[in-house]
Amino acid sequence: MSWQDYVDKQLLASRCVTKAAIAGHDGNVWAKSEGFDISKDEVAKIVAGFENESLLTGGGVTIAGTRYIYLSGTDRIIRAKLGKVGVHCMKTQQAVVISLYEDPIQPQQAASVVEKLGDYLLGCGY
């Protein structure tokens, strides 16, 4: 399965995620949904935020030019929100899965789909 297939057939097809991307820790985007223009710098800041939460608590999480309010996170998960759009990101050994979801999708629905794929990628060494 290609990286684009993971975005299209695992994340978007679930209908629990409205936009998604998979990128490397270096910020390079491996696959993304159509019209989801996330930059290398934005991915790099998210990856750095897993290690240093203060980068996100002060400046928020910027994705595709929109700044979201950082809600919470761990060394593997980042959650953010702005209005009716939520963000759920998961870091694996080599990648980060970045997703957006919109009402009426509930945060736990998006989290379940993103983390299921993230756990699968971890199991495969990614």
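Name the residues in the range 26-55 that are more than 14 Å from ALA95 (Cα to Cα), among the acidic types (Asp, Glu) and touching a Lys or Arg at 6+ places or on another chain (Cβ under 9 Å), would you?
Hit for the range 26-55 is GLU34, nothing else.
Across the range 23-38, which residue is nearest to GLN4 (Cα to Cα) among those that are touching a residue at least 40 places away in the same chain (Cβ under 8 Å) and open to solvent by 10 Å² or more (accessible area, probe 1.4 Å)?
My answer is TRP30.
Suppose we keep only residues that are in a helix (DSSP H, G or I) and open to solvent by 10 Å² or more (accessible area, probe 1.4 Å) within the range 81-116. Which one would you say is farthest from PHE50 (Cα to Cα)? Explain how you work it out, then say what you get.
Going residue by residue through the range 81-116, those that are in a helix (DSSP H, G or I) are 107-116.
Of the ones still in play, those that are also open to solvent by 10 Å² or more (accessible area, probe 1.4 Å) are 107-109, 111-113, 115-116.
Values: PRO107: 19, GLN108: 20, GLN109: 22, ALA111: 16, SER112: 19, VAL113: 19, GLU115: 15, LYS116: 19 Å.
Selected residue: GLN109.
Do we have any residue at all in the range 4-13 that's among the hydroxyl-bearing types (Ser, Thr, Tyr), surrounded by 16 or more Cβ atoms within 10 Å (Cβ to Cβ) and in contact (Cβ under 8 Å) with a residue 12 or more places away in the chain? So that I can check it myself, show each step before the final result.
So in the range 4-13, the residues among the hydroxyl-bearing types (Ser, Thr, Tyr) come out as 6.
Those left that are additionally surrounded by 16 or more Cβ atoms within 10 Å (Cβ to Cβ): 6.
This time we only want the ones that are in contact (Cβ under 8 Å) with a residue 12 or more places away in the chain, so: 6.
Yes, the range 4-13 contains at least one residue that is among the hydroxyl-bearing types (Ser, Thr, Tyr), surrounded by 16 or more Cβ atoms within 10 Å (Cβ to Cβ) and in contact (Cβ under 8 Å) with a residue 12 or more places away in the chain.
Given the condition closer than 16 Å to LEU122 by Cα, assigned to a strand (DSSP E or B) and open to solvent by 20 Å² or more (accessible area, probe 1.4 Å), answer yes or no: does some residue in the range 71-80 qualify?
No, the range 71-80 contains no residue that is closer than 16 Å to LEU122 by Cα, assigned to a strand (DSSP E or B) and open to solvent by 20 Å² or more (accessible area, probe 1.4 Å).
Identify the residue in the range 55-70 that is polar (S, T, N, Q) and in a strand (DSSP E or B) and, among all such residues, is nearest to the chain's Cα centre (by Cα).
Filtering the range 55-70 down to residues polar (S, T, N, Q) leaves 57, 62, 66.
The next check asks that each one be in a strand (DSSP E or B); those that pass are 62, 66.
Working: THR62: 11, THR66: 14 Å.
Among those residues, the one meeting the criterion is THR62.
I'm told ALA48 meets every condition in (1) touching a residue at least 12 places away in the same chain (Cβ under 8 Å); (2) of a type outside the set (D, E, K, R); (3) touching a Leu at 6+ places or on another chain (Cβ under 8 Å); (4) not in a strand (DSSP E or B) except one. Can you identify the failing condition by its number?
If we test ALA48 against (1) touching a residue at least 12 places away in the same chain (Cβ under 8 Å); (2) of a type outside the set (D, E, K, R); (3) touching a Leu at 6+ places or on another chain (Cβ under 8 Å); (4) not in a strand (DSSP E or B), just (1) comes out false.
Of all the residues that make up the range 39-49, how many are touching a helix residue (DSSP H, G or I) at 6+ places or on another chain (Cβ under 9 Å) and buried (at least 17 other Cβ atoms within 10 Å of the Cβ)?
If we filter the range 39-49 for residues that are touching a helix residue (DSSP H, G or I) at 6+ places or on another chain (Cβ under 9 Å), which is where we start, we get 45-46, 48-49.
Filter once more, keeping what is buried (at least 17 other Cβ atoms within 10 Å of the Cβ): 45-46, 49.
Counting residues in the range 39-49 that are touching a helix residue (DSSP H, G or I) at 6+ places or on another chain (Cβ under 9 Å) and buried (at least 17 other Cβ atoms within 10 Å of the Cβ) gives 3.
The values are calculated or read from the model by the stated rules, or taken from the named source; none is laboratory data. All figures in this text were calculated on a predicted structure; none of them were measured in a lab. Glycine gets a Cβ as well: all are built from the backbone with ideal geometry, and neighbour counts include every protein chain shown. Calculation scope for accessible area: heavy atoms of the full protein, side chains included, ligands and nucleic acids excluded. Shrake-Rupley method; radii C 1.70, N 1.55, O 1.52, S 1.80 Å.
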